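Participant: Sharing a structure with you now.
What follows is calculated from the coordinates using simple rules that are stated; it is not laboratory data. Everything quoted here is computed from the prediction, not taken from an experiment. Here the Cβ positions follow ideal geometry from the backbone for every residue, glycine too, while neighbour counts run over all protein chains shown.
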Amino acid sequence: MHFAIRYLTEYRYDGPVTDNLNALRVTPATTAIQRVDDFGVRVDPQARLHQHLDYYGTSVIEFGIAKPHDHLSIDVRARVATSAPPNPPEGSWVAAEGDGYRGRAIEFLLPYEGEPDDLRVDELVGLVRADTPLGTLERVVQVIPDRFEYRAGVTYVGSKVEDLLEAGAGVCQDFAHLALVLLRRNGIAARYVSGYLFAPPEGSGEGDSAEVETHAWLEALVPPGEDGGEPLWVGIDPTNRCLAGEHYVKIGHGRHYRDVPPIKGVYRGTATAKLDASVRMHRTDAAGARV
Amino acid sequence: MAFYDEVFTPSGGPRPHTEALAGALTQLGREQLADAGRRRDAIFMQQGITFDAGGVGGDDSNGPVRDRPFPLDLVPRVIPAAEWTQIKRGLAQRIRALDRFVDDVYHGREIVHDGVVPWELIVSRPAFAREAHGIRPPGGVYCHVSGCDLVRDADGTWKVLEDNVRTPSGISYVLENRVAMLRLLPRLFDDYRVRPVDHYPALLANALRQVAPTEGEEEATVVVWTPGPFNSAYFEHTFLARQMGVELVEASDLVVRDAACYIRTTNGLQRVHAIYRRIDDDFMDPLEFRPDSLLGVPGLMRAYRAGTVAIVNAVGTGVADDKAIYHYVPEMIRYYLSEEPILANVTTYLMADGEQRRHVLDRLHEMVVKPTSESGGKGVFIGPAAGEEELARQADIVRREPERWIAQELVQLSTCPTASPDGSLAPRHVDLRPFAVFGEDIHIVPGGLTRVALREGSMIVNSSQGGGSKDTWVLEDDGDGFTERGRVAADSWARPRMPDLRTGDWTGQQQQQQQQR
Amino acid sequence: MLARIAHELYWVGRSLSRAEHTARLLDGVFHADLQGRAADAGSTRLSWEALLAIMGADRGSGEASMPARDEVISLLTLDPSDPASVLVCVTGAREGARRVRDVFSAEMWEAINTFHLGLLRRDMSAALRSGPYSLYAYVRERCALFWGVTARTMLRDEARAFLEAGAAIEAGDMVLRMLRVALPTEEEAEPSEADPRDGQAVALLQAMGGFQAFRRAIPAPPKASLVGSFLLYERAYPDSVAHSVDALHAALTAADSSYRSSAPVLRLSRLMADLDFRSRSVEGAGPLAQTLGPVQRELELVDGDIAMRYFGGASAPVARLATA
């Protein structure tokens, strides 16, 4: 699928601020199933952009605005082509215990600091255990939305898994964090993925254009089947009860949200900011236009 | 239990290099030692050379400051030149290997690929800094400042107990201790030629300038970055800044514009080339570390990545002084340097390893158990000092999170005569923290901070837990290092070579007139 | 004012300044000497031998006696018969002060008298036993007290100008002496690379109390040549030769209603300009050591000019020494 993405963020400050420094992780990744045809960021007030790849290979764009200003807009545009991911392998639990698997995945197997010590989590860990790792993935994407309601405003960007358990509801970020814990506890390496999801509202008819938000899902490392081969990172989305497919545009991954926040910034000044953010995705290929 | 004593042999007589010291101490007597102790406290309080219970001997840490005069013991610890040479070589070797390790971890990871250190261990270290991945610091050095802790076991062998390549503190006390000893008990120096220590700030300043990326254009601007007056090592931060003649800055004094770091001055922004930071990685740049923290200098890592500023020590060095990594340091030395380690490790067991863990838990009452990522004696569990209940509790904790713990055989720290407030002497356990500076080369200040457990039998030397310190004397190399002095040679008493100084000089005139009377 | 009074004031200033510098120097050498030292030919030499030279002490060459370090210290500190000792300087200052009590404030007199009495009560052998540090600290503190009280209580008039002139010329002279003895004389002896451990140069700075000032002013390691030019040229440092010359010039200008025709003032103006020129062209002015001699000779000539113009040709007071 081909997408044109526009991610527009506007901050309005109720007074002048200075030294506004930001790090953006918004650039679509280039992977085996994803290609970036065009990408650009415009910042107003103007600033010099610095780009580098972080530890996880995510492209980071940094800029700073020194002089006093009362608004900041970050306008990201990208054109991306995605293809359907290959079918996940059917590796066994034994295959997930081998040194080859652990060696590749160890960072995403280890518990992340501050993981919950909670009986409810223990119960879920047991509940999602299936005959195979892939089966477990499939259970995870069902169990989480079964147990928890998708509702914005209950949790916030810094919420922990416990907050989701407490509230019984949360957003994609919380679902992804819980899924990471359930998979890692079962010995499956899992990483947090940040990106864009093309999800036109149901029944809108149009289908080639959608107002969305940045999305969070995860990737789990599924061991190879008996016919050999390499373990494969498989995208799953516990918010939408599915494996990630062509509609998913990945930015980057990490152990946790903190490794791939789309925008992280600080500024000097006591003014408070009003934030407006929108992600607009548009299918630009013929297939999209036909739907 | 037999301990190695630094001054006396098991038969009771002094060692060759401590004979003169033992004699001088006897001559001084209790009264004078006690008196010197009182003068010491007065001087330290007056000069504000104080410490805070959370402070010296560990990493910089945040906590309330409670000033007490720094407990300097008046009996120095003497290290003969030959012994020091060995220590110095061993430390330089170790620091070089640690430095290579840090570089490797954040780049090629060859030591992992070659199966020497497990990747799992490295990535599970809290101090492993993903933010430093791929960054080569200006000058190519990571561990500019280090302070490894050495101990002597029962047969007198020097061993490394802990590495510290983050922000080791205590050097200011090394210098202040020497100044105080020269003032309080100058007589003790008469029979020795003791190597000075006061050049440390110059060494540090030199190293900072050597790694500062000035592109050959201007004089390097170097600063010391302190978390502020509430930090327990604040005295040391001000001391070093003053001694080096550089600015002591806090985070709000620093600002990053584009990809360079500046200090805010009354003349506007001034470029900074090297930062000696006494602050943890986590609190350096809120854009890169800990999103929940607004401490630090936003954008600093960008400047660092661009190579426009040297951060000392480099970001991410903490992965090398982790107590679980410590276990692998001898292997590291062999791997990177193709040399045999000169200084041995204390036998260490990794609790993450099932077999080693079982071995330790069976003998927990004989072992010392330490959290892998703490320093300054925090969280250390000493088996022989624990009761049944404590042993059981600790075993539980270790079983629950084995990767957070290591265990070591209890080292029988050497002893050194130490003065009590009434001036009487008794043996107390000591360790040694020498300080090294790595710029273009590794320099190690002769001696270091000898820490002493002031309580009888105690092996806890941390000043936060009732430890004191001693002036540490490394003797000059020539001859046997201790000579008869205090007398000026005959020829130096001869008429000074000052051909025309006294012509028309009023002193001479005055003197002649008096001589006529 | 009376030439005699001016003369006394001038020498009170000189004596106190000398007492303080001597004490600082003894303290510095004592502590530098206790530790091993760098055997670098190019480093600063601050030793007992050097100290004797600085103080112009004359023990005659090749004497049979082999005096100990402690004897040197005793002589130069509390020996009432050694003209270079701290005690004799303070005694001289106190005698002078007694003669000018009418122009001194009561507090100034008290400060100087207490100082003298305190010094007489000090026991040299006790000081040597426990280390002379506290004794030298006492001298420093008392001198600071006197100058502090003076700044607060003495009218800024001609009398004060002569008191300060004496202190300034003595400070300049003492620092020049230290530099002449302590600095390497041969330029080639300067180490090619900055030795971060020129412990003796550091000792010299610490003795002068100027270590931090140097550190803040000069962003380089304290090697001999840098310390030398700092102590000679750095006008912002209050114990540099250049600052002392400035202060002397200012004092004489204040004291002399027709200073434009004053020989010492004119000579000082030339000296200031000369120092300024040399400091700007440190490279071109030749080795530092070769600058010291001419500067010190100029100061001697100024001293002579001052005596001629203001004291009717009287040189150092002699009468008060009889009472010492």
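Participant: Could you list A:R6, C:R160 so that the one with the fewest beta carbons within 10 Å of its beta carbon is first and the one with the most is last?
Facilitator: A:R6, C:R160
Participant: Same structure, new question: When you count, for each residue, the other Cβ atoms within 10 Å and take the mean per peptide, how do B:93-105, A:89-101 rank with the highest first?
Facilitator: Result, highest mean Cβ count within 10 Å first: B:93-105, A:89-101.
Participant: Among A:R48, C:R98, rank each residue by its count of other Cβ atoms within 10 Å, from fewest to most, as a rough exposure measure.
Facilitator: So the residues, fewest neighbours to most, are A:R48, C:R98.
Participant: Which FRET efficiency, nearest 0.05, do A:E123 and C:I218 yield, Cβ-Cβ r, R0 45 Å?
Facilitator: In this case the efficiency is close to 0.05.
Participant: Also: What is the ratio of the Cα radius of gyration of segment A:164-289 to 2.2 N^0.38 Å, with N the residue count, to two decimals?
Facilitator: 1.25
Participant: Next up: Beyond 13 Å, what share of the Cα-Cα pairs of segment B:251-303 remains, rounded to the nearest whole percent?
Facilitator: The proportion of pairs with Cα distances above 13 Å equals 56 percent.
Participant: Viscosity 1.002 mPa s, temperature 20 °C: Stokes-Einstein D of the protein assembly as shown from its Kirkwood Cα radius, in µm² per second?
Facilitator: In µm²/s, the coefficient rounds to 63.
Participant: Let me ask you something else. Add +1 for every Lys or Arg and -1 for every Asp or Glu among the other residues with Cβ under 12 Å from the Cβ of C:F115, and state the total.
Facilitator: +2
Participant: Here's something else I'd like to know. From the P(r) of chain B, could you give the percentage of C-alpha pairs in the tail past 42 Å?
Facilitator: In whole percent, the long-distance tail amounts to 23.
Participant: Averaged across B:364-370, how many Cβ atoms of other chains sit within 10 Å of each residue's Cβ atom?
Facilitator: 0
Participant: Take every Cα pair under 8 Å in segment A:204-253 that's 6+ residues apart, average their separations, divide by the length, and report that relative contact order as a whole percent.
Facilitator: RCO, segment A:204-253: 25 percent.
Participant: Explain nothing, just the number: dipole magnitude of segment A:57-207 about its Cα centre with +1 on each Lys and Arg Cβ and -1 on each Asp and Glu Cβ, in debye rounded to the nearest 20.
Facilitator: Roughly 440 debye, rounded to the nearest 20.
Participant: Which translational diffusion coefficient, to the nearest whole µm²/s, is obtained for segment B:326-396 from the Stokes-Einstein equation, given a Kirkwood hydrodynamic radius over C-alpha pairs, 25 °C and 0.890 mPa s?
Facilitator: Taking Rh from Cα pairs, D becomes 178 µm²/s.
Participant: Here is a follow-up. So if I take the centroid of the Cα atoms in segment B:185-251 and the same for segment B:95-120, what is the distance between those two points in Å?
Facilitator: 30 Å
Participant: Cα centroid distance between segment A:116-139 and segment C:84-122, in Å?
Facilitator: 91 Å
Participant: Compute for segment A:94-251: radius of gyration divided by Kirkwood radius, i.e. Rg/Rh, restricted to C-alpha atoms, rounded to two decimals.
Facilitator: Dividing the radius of gyration by the Kirkwood radius yields 0.98.
Participant: Arranged by the count of other C-beta atoms within 10 angstrom, fewest first, what order do A:K250, B:K378 take?
Facilitator: B:K378, A:K250
Participant: Could you work out the mean count of beta carbons from other protein chains within 10 Å of each residue's beta carbon in B:195-204?
Facilitator: Mean partner-chain Cβ count within 10 Å for B:195-204: 6.
Participant: Residue by residue through A:101-111, how many Cβ atoms from other chains fall within 10 Å of the Cβ on average?
Facilitator: 3
Participant: From the phi of every residue in segment A:224-231, what ³J(HN,Hα) in whole Hz does the Karplus formula 6.51 cos²θ - 1.76 cosθ + 1.60 yield, where θ is phi - 60° and glycine or proline is x?
Facilitator: Each residue of segment A:224-231 in turn: x, x, 5, 6, x, x, 9, x Hz.
Participant: To continue, here is another question. Calculate, axis by axis, the spread of Cα positions in segment A:15-157 along the three principal axes, and write the results as whole Å, longest axis first.
Facilitator: 58, 36, 27
Participant: Something else: Gap in Å between the Cα centre of segment B:285-321 and the Cα centre of segment B:345-380?
Facilitator: 31 Å
Participant: When all C-alpha to C-alpha distances in chain A are sorted into bins of 5 Å, what percent of pairs does each bin hold, rounded to whole numbers?
Facilitator: 1, 5, 11, 15, 17, 16, 14, 10, 6, 3, 1, 0, 0
Participant: In addition: With θ set to phi - 60°, apply the Karplus curve 6.51 cos²θ - 1.76 cosθ + 1.60 along segment B:239-250 and write out the HN-Hα couplings as whole Hz, x wherever there is a Gly or Pro.
Facilitator: 4, 5, 4, 5, 5, 8, x, 10, 6, 9, 10, 10
Participant: Find the relative contact order for chain A and round it to a whole percent, using C-alpha pairs within less than 8 Å whose residues are 6+ positions apart.
Facilitator: 30 percent.
Participant: If I take all pairs of Cα atoms in segment B:217-313, what percentage of them are more than 16 Å from each other?
Facilitator: Distances greater than 16 Å cover 53 percent of the Cα pairs.
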